[in-house]
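Every number here is computed from the coordinates shown, using simple stated rules; none is lab data. All figures in this text were calculated on a predicted structure; none of them were measured in a lab. As a convention, Cβ positions derive from the backbone with ideal geometry for all residues, glycine included, and neighbour counts pool all protein chains shown.
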Amino acid sequence: MSRDIWVISDTHLNHENILDFRDELGNRIRPFSSVKEMNDCILDRWNSVVKAGDIVYHLGDVAFGSKEDFKTLWPKFNGSKRLVVGNHDDVKFMSSGGFFKKVSMWRVFTEFGLIFTHVPIHQSGLYTPGRKGLFNIHGHIHHNPSPEGPYFNVSSEVINYTPMHIEDLQLYGNQWREQNES
């Protein structure tokens, strides 16, 4: 069975206050009228691309609020899930209960030239001797653009609440390298 790998960050499931977050112009950054509408949208879009046997890397800030509500909602999301810890994640809770197959602070895919983190990391952390630089797939900054350089933001708001395929992310990394590394 072929398994696809998907990536998303900052779903903030069950997070009531995020519905009031605003951009610099005063516009709401999430267009939902309720937490249920937001959760349902994220679940529908996730399951529209992720199949049962696929792998999903969630790059942090999974959920807020009631742990009991999360325990009911999370199993509805397809795939074998891995967590790259975000600044709002309760690591002890998220590591328990079989929510995630693996929990880590970052994940390097040398074969794709990618590193997954929650926050964008300094460029000096992307290069090692004898190897081209890694392209940093991250979240944390929500609707804001990534820093200049080898970065791609997979925060939910930026990717239309739909996980992205690792090969599409690799393509962005390869395009950036072609344009910027000689």
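Observations on the model:
- Tail beyond 16 Å, pair distance distribution of the stretch 6-67 (Cα, percent): 51 percent
- Per-residue extension of 0.36 nm, minus the Cα-Cα distance of Lys101 and Ala52, leaves a gain of 16.3 nm for this segment.
- Length released on extending from Glu37 to Glu111, taking residue separation times 0.36 nm less the Cα-Cα span: 22.9 nm
- Charge dipole of the chain about the Cα centre (unit charges at C-beta), most positive-ward option of Asn136, Gly97, His12: Gly97
- The chain: angle of helix 35-49 to the longest principal axis, Cα-based, in degrees nearest 10: 50 degrees
- Helix 166-180 and the longest principal axis of the C-alpha atoms of the chain enclose an angle of approximately 40°.
- All Cα pairs of the stretch 79-143, percent lying beyond 18 Å: 44 percent
- Dipole of the stretch 5-180, positive direction: furthest Cα of Leu114, Phe64, Val49, with charges on the beta-carbon: Leu114
- With contacts taken as Cα pairs under 8 Å at a separation of at least 6 residues, the chain carries a relative contact order of 24 percent.
- Binning the alpha carbon pair distances of the stretch 132-171 at 5 angstrom intervals from zero yields the distribution 6, 25, 31, 26, 10, 2, 0, expressed in whole percent.
- Cut-off 14 Å between beta-carbons: net charge of the residues surrounding Gly65, Lys and Arg +1, Asp and Glu -1: -3
- Charge dipole (Cα centre; +1 on Lys/Arg Cβ, -1 on Asp/Glu Cβ; no other charges) of the stretch 54-182 amounts to roughly 480 debye.
- Percent breakdown of C-alpha pair distances by 10 Å bin, ordered from the shortest bin, for the chain: 9, 38, 35, 15, 2, 0
- The Rg/Rh ratio for the stretch 86-182, using Cα coordinates for both the radius of gyration and the Kirkwood hydrodynamic radius, is 0.98.
- Bridge type composition, the chain - antiparallel percent by DSSP, nearest 5: 25 percent
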